Structure formats: structure tokens, C-alpha cells
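The values are calculated or read from the model by the stated rules, or taken from the named source; none is laboratory data. Owing to the predicted nature of the structure, the values given are computational and were not obtained by experimental measurement. Glycine gets a Cβ as well: all are built from the backbone with ideal geometry, and neighbour counts include every protein chain shown.
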């Protein structure tokens, strides 16, 4: 089964007993993925079990609801992003200099005297902690320098958050990391990381909620007894596993019926798959009330 596919080809064929031949099977395989995407967009969630690494904005409420559920395991809940390193470029005649964080490392770019240069693509694999990454920046030359903030032993790969599944293609959007951060002479690109481990919460596995339930010392809470998730923009990072090892039968049936409908219409016209009412009835109980974006 592909990453987002809700059913196998064999399951789809139950609803298409007359389908046969290589061309039909190829069309069915393509439709399974297209219809699986349509259903997961309609339900505003993923179903296949996988791991997630996501950012959430605190809303000042007692519960923090994750985008995918049921929750199978929580690896970590971190909050309060802080600057773990600062990077700048002080080369003369350089009015533009930028640092971008990608899924594999950081890119150093500048424009000097009207000519653009990509000076380095420094990988996380080759610079496993922040200290090594800073040393690599300082070795580039051309005006680049990094200033330690005391987080040298932290993993450099944590600078990037996929903000979705850790493997495969997110069905909603592809994040751009921390963006292109300006760092010309006199200014710094401040690369941030969530470094504070959250404690004092309970897990609502079925509904995908994290409930603040135990008072503890939290520098963001003026009154720890309030037991809320303080407001902020992307101030929480949650790494967890969620989804079904076996897709619920009514979801599988909805996907199989949708594949059959699209196949009988025209298997090639799959750019805008919609959910007919007779199929939507299978999905009502599985549909999230709102899409929880960062």
C-alpha cells in the first residue's frame, strides 16, 4: 500500500468485477491514490498509521488537539522556540544575504555587487550538531560567520520541522522550513528550535487531544494552576505516531466506491475528484470538524 492509499488494488476490484487487463489495472492503481487523497482531504485527516512531526499554535485552552488520530504514541512535546544560533554576512558591497533552512541542511546565499552567489549548502548529515554547523559556516569565508548561543550539542537536524508526516508526501501542503532569513552586515539570521520538553499532560488517544492535567513549573504560565496551553504562533512542536494499522471498513468501502464511480466516468479525468453524497455517508463519522493548521 502506498503512503496515502486507503485500499489495495484487490479491494478496489471487488467493486469493479468487470475490470481486467493491464490498462484497467493501471487506471485503478492511479485512481486509488487520487480517491484516497480526495477522501483524506474531505475528512481533513490522514488514516494510514505513520509518524508525524508538527507545529501547533497554543490557543489558551486546556486541550491541544492534534491533526491526526487515533494517537498511538507520543515521542515528545516541546515548546518555547528559542534562537540556537545566529548567522550573518559582513562582506563589503553585499546588500543582500540570506540563510534558508531546508529538509537536509542550510543554504547560504548572497548578492554582492549585483551578482548572486550560493556560497554553501551545508548538510545536517555532515554537521550533526549545532556546533559543527557553526564551524562549517565560519569556514565558508566570503563574509559568513556564525555566533554560538550555547546550544552546540543540540542536533542540527532539529532546525527543520516537516510539519506533517516524517515520510511520504503531506496531503495538505509542503512546508518551506524557516524561510529565507535576511542576514546582511548588522543583522542576524536567528535559527530557532523548540528546546523545552513539555510535562504534565494526558493523552486522549481516540480524539487526538493532549490535556493539561498536572500543575508544574512553566515559565510561560503566570499561574500554573490555570492548566492551559499558552497562546503563541507555532510555539509547540509535537512528535507522535497516529493512524490505523487497518483502515476502518467503512472508509475502505467509501474509497472503493469512489474508485468505481471515477473509473466508470473516465479513469483519465482525475484532477478534481469530488465525494458524492451516497459515498459521503460512509465518511461522516470520520470527518474532522475543522482543519487544524499551524
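How many of the residues making up the stretch 138-154 are surrounded by 13 or more Cβ atoms within 10 Å (Cβ to Cβ) and more than 18 Å from residue 92 (Cα to Cα)?
6
Kindly evaluate residue 142 against the criterion of being over 30 Å from residue 36 (Cα atoms), out of contact with any helix residue (DSSP H, G or I) (no Cβ under 8 Å at 6 or more places or on another chain), assigned to a loop (DSSP other than H, G, I, E, B) and in contact (Cβ under 8 Å) with a residue 24 or more places away in the chain. Can you show your working first?
Details: over 30 Å from residue 36 (Cα atoms): yes; out of contact with any helix residue (DSSP H, G or I) (no Cβ under 8 Å at 6 or more places or on another chain): yes; assigned to a loop (DSSP other than H, G, I, E, B): yes; in contact (Cβ under 8 Å) with a residue 24 or more places away in the chain: yes.
Yes; evaluated as a whole, the condition is true for this residue.
Of the residues 238, 233, which is crowded, with 16+ Cβ neighbours inside 10 Å, closer than 30 Å to residue 160 by Cβ, at pLDDT 90 or above and not assigned by TED's automatic domain parsing to the domain that holds residue 42? I'd like the intermediate steps shown before the answer.
Details: 233 fails: crowded, with 16+ Cβ neighbours inside 10 Å.
Testing whether each residue is crowded, with 16+ Cβ neighbours inside 10 Å, closer than 30 Å to residue 160 by Cβ, at pLDDT 90 or above and not assigned by TED's automatic domain parsing to the domain that holds residue 42 leaves just 238.
Out of (1) buried (at least 18 other Cβ atoms within 10 Å of the Cβ); (2) modelled with pLDDT of 95 or more; (3) in a helix (DSSP H, G or I), what's the single condition that is false for residue 135?
(1)
Does the stretch 153-176 include one or more residues that are modelled with pLDDT of 95 or more and either more than 25 Å from residue 56 (Cα to Cα) or in a loop (DSSP other than H, G, I, E, B) (or both)?
There is at least one residue in the stretch 153-176 that is modelled with pLDDT of 95 or more and either more than 25 Å from residue 56 (Cα to Cα) or in a loop (DSSP other than H, G, I, E, B) (or both).
Regarding residue 147, is this residue in a strand (DSSP E or B) and more than 21 Å from residue 54 (Cα to Cα)? Walk me through it before giving the result.
Values: in a strand (DSSP E or B): yes; more than 21 Å from residue 54 (Cα to Cα): yes.
Against the criterion (in a strand (DSSP E or B) and more than 21 Å from residue 54 (Cα to Cα)), residue 147 qualifies.
Which of the residues that make up the stretch 106-124 are touching a helix residue (DSSP H, G or I) at 6+ places or on another chain (Cβ under 8 Å) and either surrounded by fewer than 17 Cβ atoms within 10 Å (Cβ to Cβ) or assigned to a strand (DSSP E or B) (or both)? Even if it seems obvious, please write down each step before you answer.
Initially, the stretch 106-124 is screened for residues touching a helix residue (DSSP H, G or I) at 6+ places or on another chain (Cβ under 8 Å), giving 106, 108, 119-120, 122, 124.
Within the stretch 106-124, 106, 108, 119, 120, 122 meet the criteria.
Would you call residue 106 over 17 Å from residue 182 (Cα atoms) and either modelled with pLDDT under 95 or in the same structural domain as residue 186 (by TED's automatic domain parsing) (or both)?
The answer is no for residue 106.
Consider residue 257 carefully, then state whether it is outside any loop (DSSP other than H, G, I, E, B), farther than 24 Å from residue 66 by Cβ, modelled with pLDDT of 90 or more and not assigned by TED's automatic domain parsing to the domain that holds residue 84. Working first, answer last.
Details: outside any loop (DSSP other than H, G, I, E, B): yes; farther than 24 Å from residue 66 by Cβ: yes; modelled with pLDDT of 90 or more: yes; not assigned by TED's automatic domain parsing to the domain that holds residue 84: yes.
Yes: the conditions hold for residue 257.
Counting just the residues of the stretch 30-50 that are crowded, with 17+ Cβ neighbours inside 10 Å and in contact with a strand residue (DSSP E or B) (Cβ under 8 Å, 6 or more places away or on another chain), which one comes out farthest from residue 263 (Cα to Cα)?
That would be 50.
Within the group 6, 55, 46, which residue is assigned to a strand (DSSP E or B) and either in contact with a helix residue (DSSP H, G or I) (Cβ under 7 Å, 6 or more places away or on another chain) or within 30 Å of residue 118 (Cβ to Cβ) (or both)? Working first, answer last.
Numbers: 6 fails: assigned to a strand (DSSP E or B); 46 fails: assigned to a strand (DSSP E or B).
Just a single option satisfies the conditions, and that option is 55.
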